[in-house]
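What follows is a set of notes on a single structure, which appears directly below.
The values are calculated or read from the model by the stated rules, or taken from the named source; none is laboratory data. Just so you know, these numbers come straight off a predicted model, no measurement behind them. Every residue, glycine as well, gets a Cβ built from its backbone with ideal geometry; the counts of neighbours run over all protein chains shown.
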Ligand SMILES: Nc1ncnc2c1ncn2[C@@H]1O[C@H](COP(=O)(O)OP(=O)(O)OP(=O)(O)O)[C@@H](O)[C@H]1O
């Protein structure tokens, strides 16, 4: 596979991935955006894939829009293995993880209580991947359910069915966190302890240009360079504590590049980046950087 070279995957891990791909031979697997991940650092993909092949759980830690979901999709593609997703929030409860009972009716209109399995149970029973997004937004009481799933036991007692569910085959867990955002809490130590932690920073420089040119509508090389400079300057202000991290998110940059194909870049930046910020000083800082790079606004319309 070309991706082995792209991400410098060691040959022993390549062999084990090939074995896993054969075991997971799944013609129905729908591969979303699988080739679209650009690595900010080659070790990220290599270490994530290696950890999962060794049966470890992987925690992707990085700011919003850093490509964590995209990386999980790439791994799912690498292994030719479908991925069940959970989006955590304070409302996440045991039922959302494990499943719930509901009334169903047969052809004779007789009512039955049926159990609808949740993503954790599905991924474990089918030996698939499980992606737990924003794991640190879930309530502290909910997550201990996962402790047994994430350690050597690879099992959970489903309280709704009384069944002990054991993980099959190549079951694996990838979780993601944005630390330090409103509504998030530091991940409980016992849970964090069950993961290999992989930091996923924002893309910069030529890798960012490659991603923006692949994924946005903008194809003017000079303008793409200007957006890369904008990102570098925004990330430096983030490090100085002058603006919040999401101002430098590639997701917003992609939006700004797309809009720039139809409007003046300064207005695109205002819509896609500046106006998402709450603090007036942060907005002014972004505007100043944009003015330095893209010049004063000339267009009226
Ligand atoms: N390294 C990258 N490679 C490819 N695409 C990227 C990368 N970083 C960001 N993107 C693009 O930016 C957008 C956000 O990426 P993604 O949803 O994977 O981020 P995330 O880290 O999961 O975000 P969140 O924490 O908000 O869930 C997507 O459109 C994605 O294609």
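Quick rundown of the values:
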{"read-out": "Test result for residue 217, more than 9 Å from the ligand (Cβ to nearest atom), at pLDDT 95 or above, closer than 14 Å to residue 256 by Cα and in a loop (DSSP other than H, G, I, E, B)", "value": "yes"}
{"read-out": "Scope the range 100-125; condition assigned to a loop (DSSP other than H, G, I, E, B), surrounded by fewer than 17 Cβ atoms within 10 Å (Cβ to Cβ) and touching a strand residue (DSSP E or B) at 6+ places or on another chain (Cβ under 9 Å); matching residues", "value": "106"}
{"read-out": "Criterion (more than 11 Å from the ligand (Cβ to nearest atom), part of a helix (DSSP H, G or I), buried (at least 21 other Cβ atoms within 10 Å of the Cβ) and not assigned by TED's automatic domain parsing to the domain that holds residue 57) met by exactly one of 230, 224", "value": "230"}
{"read-out": "Meets criteria (in a strand (DSSP E or B) and assigned by TED's automatic domain parsing to the domain that holds residue 21) for residue 173", "value": "yes"}
{"read-out": "Matching entry among 92, 130, 97 (being more than 16 Å from the ligand (Cβ to nearest atom) and buried (at least 16 other Cβ atoms within 10 Å of the Cβ))", "value": "97"}
{"read-out": "Unmet requirement for residue 144, which otherwise passes all of (1) under 24 Å from residue 68 (Cα atoms); (2) out of contact with any strand residue (DSSP E or B) (no Cβ under 9 Å at 6 or more places or on another chain); (3) touching a residue at least 60 places away in the same chain (Cβ under 8 Å)", "value": "(3)"}
{"read-out": "Residue 194 vs. criteria modelled with pLDDT of 95 or more and assigned by TED's automatic domain parsing to the domain that holds residue 54", "value": "no"}
{"read-out": "Selection from the range 33-60 of residues that are within 14 Å of the ligand (Cβ to nearest atom), buried (at least 21 other Cβ atoms within 10 Å of the Cβ) and within 14 Å of residue 196 (Cβ to Cβ)", "value": "45, 48, 58, 59, 60"}
{"read-out": "Hits in the range 130-145 (condition: assigned to a helix (DSSP H, G or I) and within 13 Å of residue 60 (Cα to Cα))", "value": "135, 136"}
{"read-out": "Residue match in the range 11-31 (condition: modelled with pLDDT of 90 or more and part of a loop (DSSP other than H, G, I, E, B))", "value": "no"}
{"read-out": "Test: residue in the range 62-79 that is more than 16 Å from the ligand (Cβ to nearest atom) and either over 17 Å from the mean Cα position of the chain (by Cα) or surrounded by 12 or more Cβ atoms within 10 Å (Cβ to Cβ) (or both)", "value": "yes"}
{"read-out": "Restricting the range 187-214 to residues that are part of a loop (DSSP other than H, G, I, E, B) and within 16 Å of the ligand (Cβ to nearest atom), the residue that is nearest to residue 153 (Cα to Cα)", "value": "187"}
